[in-house]
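Q: Structure below; questions to follow.
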């Protein structure tokens, strides 16, 4: 969605999609907006609760069935397992994605890893396509004036133009760009605490082949699960940046994460966006 800065400021019911890598400050920014006025939509939360809910539970149950004590209780219906996914706790989604590598170290085979990656891709596309209906629900049912869509870190990996067209039609797309001096901090943090991530299959195939060649692995089951995640993150980080920028250039606008960090309230955020629209132009 493109508009003039004045049109944006006069927009009575604003709908904004935030795009950014983890660490850019999306969550911090969202928490500065009045909760009684802004409906916060998390694509990752929608993925975990709606589209991957059953698969996540099946994964947890499969692990529980390997424990004789829990297996007996599950088979006799003496206990049940329930997800406790929240917007602030998406660990079950990450645990389902898992890490590629040695299965004896809780890694996944390449076949199973790719299966879960494909399921996540489908779920993310579906969750983002749900944005228009949630914009309506937020206002019609719950009475929220504005809508904020946290699109998640991997939206630039989807290679699905229809999703971007949908978001651009119904929301103002804002890309929060990480300045160079923060890149090293974010990369170091990710490498010290490697977390499961979604990868485009072409990217995964290319980087996995490179990683295995460097380390002379003949089979993915030789890989310590954390090692590939730590090694590939800087490559993933750099590959995503131009993809985010391309989305912003075509469909929206770019904010610098340093400027976003200085925002203290809703009014400052709105004027930061308006200034970006003025500077970057509108169709």
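Q: Only one of 190, 202, 209 is within 22 Å of residue 117 (Cα to Cα), at pLDDT below 95 and out of contact with any strand residue (DSSP E or B) (no Cβ under 9 Å at 6 or more places or on another chain). Can you tell me which?
A: Working: 202 fails: at pLDDT below 95; 209 fails: at pLDDT below 95.
That would be 190, the only listed residue that is within 22 Å of residue 117 (Cα to Cα), at pLDDT below 95 and out of contact with any strand residue (DSSP E or B) (no Cβ under 9 Å at 6 or more places or on another chain).
Q: Criterion first (without any contact (Cβ under 8 Å) to a residue 40 or more places away in the chain, closer than 27 Å to residue 239 by Cβ and out of contact with any helix residue (DSSP H, G or I) (no Cβ under 6 Å at 6 or more places or on another chain)) does residue 62 satisfy it? Quick ask: steps written out before the conclusion?
A: Details: without any contact (Cβ under 8 Å) to a residue 40 or more places away in the chain: yes; closer than 27 Å to residue 239 by Cβ: no; out of contact with any helix residue (DSSP H, G or I) (no Cβ under 6 Å at 6 or more places or on another chain): yes.
Criteria not met by residue 62.
Q: Would you mind finding the one in 239, 230 that is surrounded by fewer than 20 Cβ atoms within 10 Å (Cβ to Cβ) and farther than 17 Å from residue 102 by Cβ? Quick ask: steps written out before the conclusion?
A: Values: 230 fails: farther than 17 Å from residue 102 by Cβ.
Matching residue, one of 239, 230: 239.
Q: Regarding residue 178, is this residue within 30 Å of residue 227 (Cβ to Cβ) and touching a helix residue (DSSP H, G or I) at 6+ places or on another chain (Cβ under 8 Å)? First the steps, then the outcome.
A: Details: within 30 Å of residue 227 (Cβ to Cβ): yes; touching a helix residue (DSSP H, G or I) at 6+ places or on another chain (Cβ under 8 Å): yes.
When the stated conditions are applied, residue 178 passes them.
Q: Oh, and also: Go through segment 1-77 and tell me which helices (runs of 4 or more DSSP H), entirely inside it, have 1 or more residues that are surrounded by 18 or more Cβ atoms within 10 Å (Cβ to Cβ).
A: Values: elements: 5-10, 26-30, 43-46, 53-64, 68-75.
Correct list: 5-10, 26-30, 43-46, 53-64.
Q: Given the condition part of a loop (DSSP other than H, G, I, E, B) and under 26 Å from residue 167 (Cβ atoms), answer yes or no: does some residue in segment 88-105 qualify?
A: The first filter runs over segment 88-105 and keeps only residues part of a loop (DSSP other than H, G, I, E, B), leaving 88, 90, 98-99, 101-102.
If we keep only those that are under 26 Å from residue 167 (Cβ atoms) as well, we get 88, 90.
So far as segment 88-105 goes, yes, one or more of its residues are part of a loop (DSSP other than H, G, I, E, B) and under 26 Å from residue 167 (Cβ atoms).
Q: Considering only residues that are more than 22 Å from the chain's Cα centre (by Cα), over 30 Å from residue 36 (Cβ atoms) and without any contact (Cβ under 8 Å) to a residue 60 or more places away in the chain, which ones fall in segment 105-144?
A: 111
The values are calculated or read from the model by the stated rules, or taken from the named source; none is laboratory data. This structure is a prediction, so every number in the text was calculated from the model and none was measured. Using ideal geometry, Cβ is built from the backbone for each residue, glycine included, and neighbour counts are taken over all protein chains shown.
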